[in-house]
Amino acid sequence: MDFQVVVLAGGTCKKLLPLVSKDVPKALLPVANRPVLSYVLEQLELSNLKDLIVVVEGEDAAFCVGGWISNAYVDRLHVKKSFPRSSLFCCLSQSTREWDLKAESVSE
């Protein structure tokens, strides 16, 4: 049975200023000198779960996270990044039912 994983990666948050910015969304905040998202993606890769949807709130954050994933996990994971038009909950239900989802393939 093939599984597809949905990773909720958030976006930016005013509560975390000045740690987050337009260039550094929450998913890319460093923890022990690595983006926090890298720990999740590494565990998924070790579990042989390589077909992912990464949901990011906001186009700027999605661009940053997608670019980082493309560089860090090239040829290792098949990832689609998506950013919701409204809330993360709506995007998750859209992702799982393949409704009106704005998604781009980051890595083939």
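The values are calculated or read from the model by the stated rules, or taken from the named source; none is laboratory data. What you are looking at is a predicted structure, and each value in this text was computed from that prediction instead of being measured. Every residue, glycine among them, receives a Cβ derived from its backbone with ideal geometry; neighbour counts consider all protein chains shown.
Within the stretch 16-62, the set of residues being surrounded by fewer than 20 Cβ atoms within 10 Å (Cβ to Cβ), of a type in the set (D, E, K, R) and over 19 Å from ASP2 (Cβ atoms) comprises LYS22, ASP23, ARG34, GLU42, GLU59, ASP60. Once the stretch 68-89 is narrowed to residues that are in contact with a helix residue (DSSP H, G or I) (Cβ under 7 Å, 6 or more places away or on another chain), not small (Gly, Ala, Ser) and not in a loop (DSSP other than H, G, I, E, B), the residue that is modelled with the highest pLDDT is TRP68.
Checking each residue in the stretch 1-38 for being without any contact (Cβ under 8 Å) to a residue 40 or more places away in the chain, of a type in the set (Val, Ile, Thr) and in a loop (DSSP other than H, G, I, E, B) picks out only VAL20.
When VAL65 is tested against (1) touching a Pro at 6+ places or on another chain (Cβ under 9 Å); (2) aliphatic (A, V, I, L, M); (3) part of a loop (DSSP other than H, G, I, E, B); (4) buried (at least 20 other Cβ atoms within 10 Å of the Cβ), just one condition goes unmet, and that condition is (3). Residues that are within 15 Å of VAL79 (Cβ to Cβ) and among the polar types (S, T, N, Q) within the stretch 1-46 comprise GLN4, SER38, GLN43, listed in sequence order. Within the stretch 1-26, if we keep just the residues that are more than 15 Å from LYS80 (Cβ to Cβ) and touching a Leu at 6+ places or on another chain (Cβ under 8 Å), the residue that is modelled with the highest pLDDT turns out to be LYS26.
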